[in-house]
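Colleague: Mind looking over this structure? Questions follow.
The values are calculated or read from the model by the stated rules, or taken from the named source; none is laboratory data. Model, not experiment: these values are computed from the prediction. Glycine gets a Cβ as well: all are built from the backbone with ideal geometry, and neighbour counts include every protein chain shown.
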Amino acid sequence: MKNIRYIFSIIVLCFVAVSCDHNELLTENPKDFFSPSNAFKTEQNFVSALADIYLDNRNNFYSSSDDVSNYSLLGADLDLTYTRQDAVGVFTNEYFDWNTFNADAPFVSKWYGTFYQLIFKANTIIDRIDDITWDSEEDRDAIVAEARFLRAHYYRLLANMWGGAPLILEETKAPRFDYTRETRENVYLQCKADLEYATQHMYTVDQVPGGRAPKAAAYHVLAEVNIQLGDYQDAIDAASAVIDGGNYALMTSRFGLFSDFQWRGYDYIGPDEPWGDVYWDMFRKGNFNRSAGNTETIWNCQFEFDVVGGASTDRTEGNFGIERHLGGPIYWNGGQISDLNGVRNVYKDTLMGRPTGVNGATDYLRNQIWNFNGDFNNDIRNSKYNIQRTYYWNNPESAFFGTPWSEATCNPAQVERFNGGRINQPSFKKNVELKHEAYKVQDGEDNSDGRIFKDWYIMRLAETYLLRAEAYHLNGDNGSAAADINAVRNRAQATSVTAGDVDLDLILDERARELHFEEYRMNTLLRMGKLAEYLRKYHSATLENGYTIPDHYNLMPIPSSEIEANKDAVLEQNTGY
């Protein structure tokens, strides 16, 4: 009997062994966490997947860490700013280390990988769009269009910065080690195809909530891509679709929550006075969205204080620290500095918060661009409301209260900070909060800790004008280019330019005046082939230390780690690295 039971057990085991599907046993079927296989079951799932890309965009481009690397695309340690300077000609904590820059630089692997991670997410949405039945074909196409816009947005950054790049247009479902690079032109052509689809099917600004890109954003990027392809008339047409489309206009009059704001001024003396201008208004909290009457915003990044997912709820979450890094001069010695008599003054005010001087403005940004056409005192973008250049002793107990800070009135032990240019650095008020949502610090004082709690522009109409001016110039029509540049300059009350003034350097200077710390300056310099030239001309550490900046810096290197991991094909490195 035992033998019969034993034989029967062997038969059953053999039957199980031959009948089970080993692959099925090994196939992971997640039931309690999301994966691409179970995350796209409803139309709202696709909207959520897009929201996840926008969240990653905000976290990676603006607020993933309290570090200057957050702002490496915006101009940190390029022609606009240098990283920390402790004394004249002594630069510390340089971000790029341009004298030794190579394929192992943190910037290279960070952004190359980030762009492809975001492209992967866009591809997943596109590939799975028909996993469900849609109630509306229009809604389906709009989701695909938005995903294709985002894919093109990141691919044009890759092409601008690296040249040719692997072109991946489907969801990656298994590891690959055989990537090869498409030509730069082919990457742009794919961007153009995606963007032309997007301009046909994306929703317009009145149909999408703040933070999501509308159709105009696709036209804006299409204008840039067409410039890169040499399709200048197509670039003009794409930009014109935004400029002349009826949904957007430059802000030319005071508006928003603080248009009637009054303040005593930086010296703290005398009665309150009207404060600000239209450029200042554009960067006040609550004024970034169309709902605030801002017709210039095309696409912006959303921050919400004390809201889950809002990015600015505590010091450790990954806050928008642009004030801390690009806002202005140093916050030093607990926010205090002593006058000649040893009386301490608090180095902050209602318009400053807590800048730390991590980045200082280059002479190009501090002076050179503002002296154009003798407009230093005319251009409102350089007004006292928008760039503070003079600081005052602000303690009423100080014998120097209300007078400008200077070496002569400063504690001798702190004079070196003036000599190093860190205390008397300009403070760029676009990067500064007017009234902070404060943290409570240990001494009970409210303190922003250098974070701001307002939205930020990704694209706005002034840049579209400058893109069209670039296309007009390259198409041989400097008269029309000058007219577009003047549309931006007239709002700033700056002297008009003539057709004879127009060249790419003028356009880059105007972009710096209008879009400093908004545009992806690294992307702009690389796509125009100007990075090496502008580092040699304007980068502070390069000028002080005599760094050799080779022309091959006009393309970024493919990260060494990507080349090494790509074992089944050759991922070619850019020349010079």
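Colleague: Find the residue count for the range 204-242, including only residues that are farther than 14 Å from LEU467 by Cα, within 22 Å of the chain's Cα centre (by Cα) and not small (Gly, Ala, Ser).
Modeller: Final tally of qualifying residues: 6.
Colleague: If I filter the range 547-555 for residues that are under 25 Å from ARG324 (Cα atoms), assigned by TED's automatic domain parsing to the domain that holds PHE96 and at pLDDT 95 or above, do I get at least one hit?
Modeller: Within the range 547-555, none of the residues are under 25 Å from ARG324 (Cα atoms), assigned by TED's automatic domain parsing to the domain that holds PHE96 and at pLDDT 95 or above.
Colleague: If the Cβ limit is 6 Å and pairs must be 6+ apart or interchain, which residue in the range 365-392 that is farther than 14 Å from TRP275 by Cα pairs with which residue that is surrounded by fewer than 18 Cβ atoms within 10 Å (Cβ to Cβ) and among the charged types (D, E, K, R)?
Modeller: Close Cβ pairs satisfying both conditions: ILE369/ASP509; TYR392/ASP267.
Colleague: Next question, about the same structure. Select from the range 55-73 the residues that are of a type in the set (Ser, Thr, Tyr) and buried (at least 18 other Cβ atoms within 10 Å of the Cβ) and write down the one among them that is farthest from HIS516 (Cα to Cα).
Modeller: Here the residue is SER64.
Colleague: Right, another one. Any residue in the range 45-59 that is on the phi < 0 side of the Ramachandran plot, in contact with a strand residue (DSSP E or B) (Cβ under 6 Å, 6 or more places away or on another chain) and modelled with pLDDT of 65 or more?
Modeller: Yes, the range 45-59 contains at least one residue that is on the phi < 0 side of the Ramachandran plot, in contact with a strand residue (DSSP E or B) (Cβ under 6 Å, 6 or more places away or on another chain) and modelled with pLDDT of 65 or more.
Colleague: A follow-up question, please. Are any residues in the range 211-257 under 30 Å from ARG389 (Cα atoms) and at pLDDT 95 or above, and if so, which ones?
Modeller: Hits for the range 211-257 are LEU250, MET251, THR252, SER253, ARG254, PHE255, GLY256.
Colleague: Mind counting the residues in the range 56-81 that are closer than 25 Å to LYS530 by Cβ and part of a loop (DSSP other than H, G, I, E, B)?
Modeller: So the count comes out to 9.
Colleague: Go through (1) within 25 Å of HIS473 (Cβ to Cβ); (2) surrounded by fewer than 18 Cβ atoms within 10 Å (Cβ to Cβ); (3) not acidic (Asp, Glu) for TYR197 and report which single condition fails.
Modeller: (1)
Colleague: Also, I was wondering about something else. Kindly indicate whether any position in the range 523-530 is of a type in the set (S, T, N, Q) and outside the structural domain of ASN70 (by TED's automatic domain parsing). Walk me through it before giving the result.
Modeller: Here is the first cut: in the range 523-530, the ones of a type in the set (S, T, N, Q) are 523-524.
Pick out the ones that are also outside the structural domain of ASN70 (by TED's automatic domain parsing) and you get none.
No - not one qualifying residue is present in the range 523-530.
Colleague: Sort out which residues of the range 205-230 are within 25 Å of ASP141 (Cβ to Cβ), of a type outside the set (Val, Ile, Thr) and not in a helix (DSSP H, G or I), and write them in order of number.
Modeller: PRO209, GLY210, GLY211, ARG212, ALA213, PRO214
Colleague: Take GLY476 and tell me if it is surrounded by fewer than 17 Cβ atoms within 10 Å (Cβ to Cβ), in a helix (DSSP H, G or I) and not assigned by TED's automatic domain parsing to the domain that holds ASN160.
Modeller: So GLY476 does not fit the description; no.
Colleague: Now, a different point. Might you let me know whether the range 261-281 holds any residue that is under 24 Å from the mean Cα position of the chain (by Cα), outside the structural domain of ASN186 (by TED's automatic domain parsing), hydroxyl-bearing (Ser, Thr, Tyr) and at pLDDT below 95?
Modeller: no
Colleague: Here's something else I'd like to know. If I ask for residues that are assigned to a helix (DSSP H, G or I), farther than 27 Å from GLY576 by Cβ and touching an Asp or Glu at 6+ places or on another chain (Cβ under 7 Å), which ones from the range 150-173 would you list?
Modeller: ARG151, ALA152
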